[in-house]
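Trainee: Got a structure for you, questions after.
What follows draws every value from the coordinates through simple rules; no lab data is involved. Note that the structure is a prediction, hence the values are computed from the model and not measured. So basically every Cβ, Gly included, is an ideal-geometry build from the backbone, and we count neighbours across all protein chains shown.
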Amino acid sequence: MGEDQLLYQQMAFTMGDFWGFIHGLVTAAREILGQLCMQDYTQMPPIPWTALYDDPSQSQAGWNFVHDARTQWPVDGTHWMIDRLRAEPAMQRHFMRGGRFHPGAI
C-alpha cells in the first residue's frame, strides 16, 4: 500500500482517485443546479469551495455550513433566486402560473 492510498471498508483508492471523484461530483452538482435554476451553471454565482467554513460543535437543529458567518458568499442567497424570478420572463413562465407559484415546477 502506497502512502497516498486510502482504505475504507472493502475499498482502496488513492488521493488522486478521491480528488477526481470529488471534482466530478462538484461538476455534476453544478450542472444539476443550473438545470434546476434554468441557467447555464457558468453564469451562476460561484461557490467558494476552498473558503467554506463549518462549525462541527454547532448542534442547533437546521444549522449547517451555509449559516457560518466566516464564509463570504458572492451574493445574498436569501434573495438571489426571487430577484431572478422577478427580472426574467423565462423564469416566470417556468415557475409561475396565473401570477402564482406553480408547485409542480418548484
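Trainee: Using 7 Å Cα-to-Cβ label points, what is the Ala90/Leu25 separation (nm, one decimal)?
Mentor: 3.1
Trainee: Another question about this same structure. GNM on the chain, C-alpha springs below 10 Å: top fluctuator among Gly16, Gly62, Gly24?
Mentor: For the chain, modelled as a Gaussian network with Cα springs under 10 Å, the answer is Gly62.
Trainee: May I ask you to list the trypsin sites (Lys or Arg not before Pro) in the chain that are in a DSSP loop and have at most 16 other Cβ atoms within 10 Å of their Cβ?
Mentor: Of the trypsin sites (Lys or Arg not before Pro), the ones in loops of the chain whose Cβ has at most 16 other Cβ atoms within 10 Å are Arg70.
Trainee: Quick check: from the Cα gyration tensor, does segment 1-76 come out rounded (a/c under 1.5), prolate or oblate?
Mentor: Oblate is the answer for segment 1-76, as a/c is 1.5 or above yet b/c matches or exceeds a/b.
Trainee: Follow-up question, since we're still on this one. If you keep only loop residues by DSSP, which chymotrypsin sites (Phe, Trp or Tyr not before Pro) in segment 1-98 have at most 12 other Cβ atoms within 10 Å of their Cβ?
Mentor: In loop regions of segment 1-98 (DSSP not H, G, I, E or B), the sparsely surrounded chymotrypsin sites (Phe, Trp or Tyr not before Pro) are Tyr53, Trp63.
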